[in-house]
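Remarks on the structure that follows.
Each value in this text was obtained by applying a stated rule to the coordinates, not by laboratory testing. Please read all numbers here as calculations on a predicted model, not as lab measurements. A quick note on method: Cβ atoms are made from the backbone with ideal geometry, for glycine too, and the neighbour counts reach across all protein chains shown.
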Amino acid sequence: MRHSFLPIQEQKIFKKEYLYHIAVVALFLLAATGLVGVCSLFPAYIYIYIEGSSINDTIVSSGKDKNISEILGIEKELRSDMLLIDSLSESFSSIRYSDLIEQIISARGPISIDSIRFESISTSTATIFLSGTAPTRESLISFKTRLETLNKGNKVDLPISGLAKNKDIPFSLKVIKSLQ
């Protein structure tokens with residue numbers, strides 16, 4: 001049942017054009033809907049962008065404050081550590097093991113020293129134990145005297161048992177050396 005008085009060829013052409021018109025209108029409505037959707041999201045995008053940049057600025061500024069406070073704290077600790085190191089280095093700057101050993105070696109004369117042991121060192125004194133062999137009793141006594149005269153306040157303890165022999169005397173001395 002046809003309700004048209006147009007010939008069939010013409011009806012087919014109009015039907016095809018009608019379908020094209022429906023497709024164009026549908027695509028137009030779809031495009032318009034997409035444009036309205038994008039436009040409705042644009043204010044939300046602007047709001048999120050502004051909020052994100054303000055939060056980022058806040059984080060950056062708090063990070064700078066945190067970095068500055070951390071740097072100041074580290075600098076304060078370094079200053080206190082440097083003061084401590086300086087105070088400790090002043091007390092140890094006058095004490096050198098090599099200088100003490102050099103003084104003992106220079107005073108030894110014909111005596112052979114087997115070992116030198118540092119027991120305790122403070123800012124004013126050092127306790128040193130020496131052991132070795134002396135060729136004669138007189139050379140051992142003169143070595144003791146030379147050690148005592150190196151610095152004022154030096155004390156040398158020579159056990160009497162070290163003087164029992166006349167030749168090739170093994171000895172062990174305790175030297176309390178003044179460092180002032």
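For the reader, a short list of remarks on this structure follows.
- The helix-based estimate of mean residue ellipticity at 222 nm for the chain, built from -39,500 (n - 2.57) per DSSP H run of four or more residues and divided by its residue count, is -22000 deg cm²/dmol to the nearest 500.
- Lysine-lysine proximity count for the chain, Cα under 15 Å, sequence distance 8 or more or distinct chains: 7
- Label separation (ILE13 vs ILE55): 6.3 nm, computed from points 7 Å beyond Cα along the C-beta direction.
- Projecting the Cα positions of LEU27, PHE129, ILE8 onto the charge dipole of the chain (unit charges on Cβ atoms of Lys, Arg, Asp and Glu, taken about the Cα centre) puts PHE129 furthest along the positive direction.
- Footprinting exposure proxy ranking of THR58, THR136, fewest other C-beta atoms within 10 angstrom first, gives THR58, THR136.
- Selection among GLY52, ASN67, PHE171 by position relative to the dipole of the chain gives PHE171 as farthest towards the positive end (Cβ unit charges, Cα centre).
- Two-decimal ratio, the chain, of alpha-carbon radius of gyration to 2.2 N^0.38 Å: 3.21
- Calculated over the stretch 7-93: convex hull of Cα atoms, volume per residue (Å³): 95
- Net charge dipole, the chain: roughly 520 debye, given to the nearest 20, about the Cα centre with Cβ charges of +1 for Lys and Arg and -1 for Asp and Glu.
- Counting neighbouring Cβ atoms within 10 Å and putting the fewest first, the residues ARG96, ARG108 line up as ARG96, ARG108.
- Helix 8-92 axis, angle to the chain major axis (alpha carbon atoms, nearest 10°): 10
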